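Peer 1: Have a look at this one.
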Amino acid sequence: MADPARELESKVLRLPTKERARLAEKLLASLEGTAEPEAEALWLAEAERRLAELEAGSAAGITAEEVFRKSRESLR
């Protein structure tokens, strides 16, 4: 018997980009709040470290426009 998850994955990957994005968003939202406490603590520490670097000037941020431009380019 075939793996139902693999069959579903195969079908989903054939959907148009916008539909895949919508589905991905819903799947990710369904996982919110399920992270392990240790993982949450690690992500918080990483976010605080990055903020400190930005505030100290040892790292530079990039604009949202640049992030979106790069994302669009990578999807082409």
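Peer 1: So which residues in region 23-49 are charged (D, E, K, R) and at pLDDT 95 or above?
Peer 2: GLU46, GLU48, ARG49, listed by residue number.
Peer 1: List, please: which pairs have Cβ atoms under 8 Å, are six or more places apart or on different chains, and start with a residue in region 5-32 that is over 18 Å from ARG72 (Cα atoms) and end with one that is assigned to a loop (DSSP other than H, G, I, E, B)?
Peer 2: LEU23/LEU15
Peer 1: Taking ALA41, is it within 29 Å of LEU75 (Cα to Cα) and not charged (D, E, K, R)?
Peer 2: So ALA41 fails the test.
Peer 1: If you don't mind, another one. Please determine, by comparing only the residues of region 27-43 that are of a type in the set (A, V, I, L, M) and more than 22 Å from ALA5 (Cβ to Cβ), which one is farthest from the chain's Cα centre (by Cα).
Peer 2: ALA41
Peer 1: Which residues, taken from region 1-19, are among the acidic types (Asp, Glu) and either in the same structural domain as ARG76 (by TED's automatic domain parsing) or surrounded by 10 or more Cβ atoms within 10 Å (Cβ to Cβ) (or both)?
Peer 2: Residues satisfying the conditions are GLU7, GLU9, GLU19.
Peer 1: Identify all residues within region 48-76 that are within 15 Å of the chain's Cα centre (by Cα), surrounded by 10 or more Cβ atoms within 10 Å (Cβ to Cβ) and among the hydrophobic types (A, V, I, L, M, F, W, C); write none if there are none.
Peer 2: If the condition is that a residue be within 15 Å of the chain's Cα centre (by Cα), surrounded by 10 or more Cβ atoms within 10 Å (Cβ to Cβ) and among the hydrophobic types (A, V, I, L, M, F, W, C), then VAL67, PHE68 are the ones that fit.
Peer 1: Restricting the first residue to region 50-66 and requiring it to be at negative phi, which pairs with a second residue that is at pLDDT below 95 and loosely packed, with under 10 Cβ neighbours inside 10 Å meet a Cβ separation below 8 Å and a spacing of at least six or different chains?
Peer 2: LEU54/ALA60
Peer 1: Inspect all residues belonging to region 28-38 and state whether any of them is assigned to a helix (DSSP H, G or I), exposed (fewer than 10 other Cβ atoms within 10 Å of the Cβ) and charged (D, E, K, R).
Peer 2: Scanning region 28-38, I find at least one residue that is assigned to a helix (DSSP H, G or I), exposed (fewer than 10 other Cβ atoms within 10 Å of the Cβ) and charged (D, E, K, R), so the answer is yes.
The values are calculated or read from the model by the stated rules, or taken from the named source; none is laboratory data. Remember, it's a predicted structure, so these values are computed and weren't measured experimentally. Heads up, the Cβs are rebuilt from the backbone with ideal geometry, glycines too, and the neighbour counts pull from every protein chain shown.
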